[in-house]
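Let me begin by presenting the structure, written as structure tokens, before commenting on it.
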Amino acid sequence: MKNLVIVLIALFANNFLTAQAAWEAPLQTQITTAQKAKTPNDLKTAIASLERIALSTPDEWLPAYHVAYFSSQLLWRFGKDNCDTCLDKMDKFLEVAEKADNNAEVLTLRANYYQAKLQDSPMMAPYYGPKAGNILQVALNIDPQNPRANLLMGQNLFYTPAMFGGGADKAKPFLEKAEKLFAAADKTTTLQPAWGAYASDQMSKQLASAK
């Protein structure tokens, strides 16, 4: 009986790992493809493939997260002209990720969504800015060592006028912490979120010039 239990546990573990591999390998392939995209169409093709993986794994947060993240990159990397519906798709797949596991990384990307919305509607800064700040605070409460949450909080404060509680001085602790966390981050990560180091470098330069 004891041997039978051991065999059943081993079979369950093997099936679990196999199920993981079924979506992890293609997800990694499409993440790499999206990262190397040179044109908006290249990125859109990779996003479409990521979307198919996400739709087939609605209980996993990572596939939906990467659809949302790379959809935002159509705006950040290639501009508004290449982002007809990219923020709608970002929102849609963030909702999937939030239902699966609303962790610090997902919360941080939701804040990034609010920051992206500001690109479309700068006059909505008094609305989207605080929403981003509030959700980033939740993310930092969950994981104070998350480099992306610290980066985005720093960005949010840096671009918020001092009269509304922002400014370079308020942003500095978050941006400096983000820079240190990115420097110490595991560079071998594959499926897990790893973006933000370049933006952190750029914000560090802006912070230095603001002194």
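The values are calculated or read from the model by the stated rules, or taken from the named source; none is laboratory data. A quick note: this is a predicted structure, and the numbers were derived from the prediction, not measured. So basically every Cβ, Gly included, is an ideal-geometry build from the backbone, and we count neighbours across all protein chains shown.
Whenever a residue of segment 182-195 is within 18 Å of Pro26 (Cβ to Cβ), it has no partner that is at pLDDT 95 or above and among the small types (Gly, Ala, Ser) lying with C-beta atoms less than 8 angstrom away and at least six residues away or across chains. Number of residues in segment 112-131 that are part of a helix (DSSP H, G or I), among the small types (Gly, Ala, Ser) and over 16 Å from Tyr69 (Cβ atoms) equals 2.
Within segment 54-90, restricting attention to residues that are touching a residue at least 24 places away in the same chain (Cβ under 8 Å) and of a type in the set (S, T, N, Q), which residue is nearest to Ala37 (Cα to Cα)? Within segment 54-90, the match that is nearest to Ala37 (Cα to Cα) is Gln73.
Annotation: Lys38 fulfils all but one of (1) at pLDDT 95 or above; (2) in a helix (DSSP H, G or I); the unmet one is (2). Go through segment 82-99 and give me each residue that's over 15 Å from the mean Cα position of the chain (by Cα) and of a type outside the set (Asp, Glu). Those that are over 15 Å from the mean Cα position of the chain (by Cα) and of a type outside the set (Asp, Glu): Asn82, Cys83, Thr85, Lys99.
Scanning segment 140-176 for residues that are among the aromatic types (Phe, Trp, Tyr) and closer than 17 Å to Ala199 by Cα, which turns out surrounded by the most Cβ atoms within 10 Å (Cβ to Cβ)? Steps first, please.
Taking segment 140-176 first, the residues among the aromatic types (Phe, Trp, Tyr) are 158-159, 164, 174.
When the remaining residues are screened for being closer than 17 Å to Ala199 by Cα, the result is 158-159, 174.
Numbers: Phe158: 20, Tyr159: 16, Phe174: 22.
Filtering first and then ranking leaves Phe174.
Of all the residues in segment 178-195, those that are assigned to a helix (DSSP H, G or I) and either among the basic types (Lys, Arg) or closer than 24 Å to Leu62 by Cβ (or both) number 5. Report whether or not Asn112 is under 24 Å from Ala46 (Cα atoms), crowded, with 21+ Cβ neighbours inside 10 Å and not hydroxyl-bearing (Ser, Thr, Tyr). So Asn112 fits the description; yes. In this entry, Asp88 is excluded by the filter for residues that are outside any helix (DSSP H, G or I) and closer than 17 Å to Leu43 by Cβ.
Here Leu175 fits the description: touching a Ser or Thr at 6+ places or on another chain (Cβ under 7 Å) and either within 24 Å of Arg77 (Cα to Cα) or outside any helix (DSSP H, G or I) (or both).
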